[in-house]
Amino acid sequence: MKLVVVINLKRLKAERIANGITEAEMGKKLNKSSSIIYKYENGSRNLSIENFCKMIDVMGFKAKDVNIFFADNCD
């Protein structure tokens, strides 16, 4: 059995917006451009686990709350 974990990018974007953080502000915190943040959130660029962790940290999420960003599928 293989476990595939998928980051819900729409939820990631929605939470950034709900926290009042612009793409430009997020980019500055991650040392990335706002266009890279846009591409991460829209799936046109791969989001590394490292950058995902940085993004949720910027938004103030605790480890126990990060499951809201995941959907899992077992094959």
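The values are calculated or read from the model by the stated rules, or taken from the named source; none is laboratory data. In this text, all values refer to a predicted model and were calculated from it rather than measured experimentally. Quick reminder, even Gly has a Cβ in these numbers, built from the backbone with ideal geometry, and neighbours come from all protein chains shown.
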For this session: Evaluate the following for Asp75: is it at pLDDT below 95 and touching a Leu at 6+ places or on another chain (Cβ under 9 Å)?
Result: yes
Problem set entry | Where Ala14 falls short, out of the listed (1) farther than 16 Å from Asp65 by Cα; (2) exposed (fewer than 14 other Cβ atoms within 10 Å of the Cβ) | (1)
Problem set entry | Cross-chain or 6+ apart pairs with Cβ under 6 Å, region 33-53 first and touching a residue at least 12 places away in the same chain (Cβ under 8 Å), then part of a helix (DSSP H, G or I) and exposed (fewer than 15 other Cβ atoms within 10 Å of the Cβ) | Ser34/Ala24
Exercise. Mind checking which residues of region 46-57 are part of a helix (DSSP H, G or I) and either of a type in the set (Gly, Ala, Ser) or surrounded by fewer than 10 Cβ atoms within 10 Å (Cβ to Cβ) (or both)?
Worked result: Ile49, Glu50
For this session: Find all pairs meeting these conditions: Cβ atoms under 7 angstrom apart; at least six residues apart or on different chains; first residue within region 11-28 and within 16 Å of Leu47 (Cα to Cα) and without any contact (Cβ under 8 Å) to a residue 60 or more places away in the chain; second residue among the β-branched types (Val, Ile, Thr) and in a helix (DSSP H, G or I).
Result: Arg11/Ile68; Glu23/Ile37; Met26/Ile37; Met26/Val58; Gly27/Ile36; Gly27/Ile37
For this session: Sort out which residues of region 25-44 are surrounded by 13 or more Cβ atoms within 10 Å (Cβ to Cβ), in contact with a helix residue (DSSP H, G or I) (Cβ under 6 Å, 6 or more places away or on another chain) and not aromatic (Phe, Trp, Tyr), and write them in order of number.
Result: Met26, Gly27, Lys29, Leu30, Ser33, Ser34, Ile37, Glu41
Exercise. For Gly60, all conditions in the list (1) surrounded by 11 or more Cβ atoms within 10 Å (Cβ to Cβ); (2) closer than 15 Å to Ile17 by Cα; (3) in contact (Cβ under 8 Å) with a residue 12 or more places away in the chain hold save one; what is the number of the exception?
Worked result: (1)
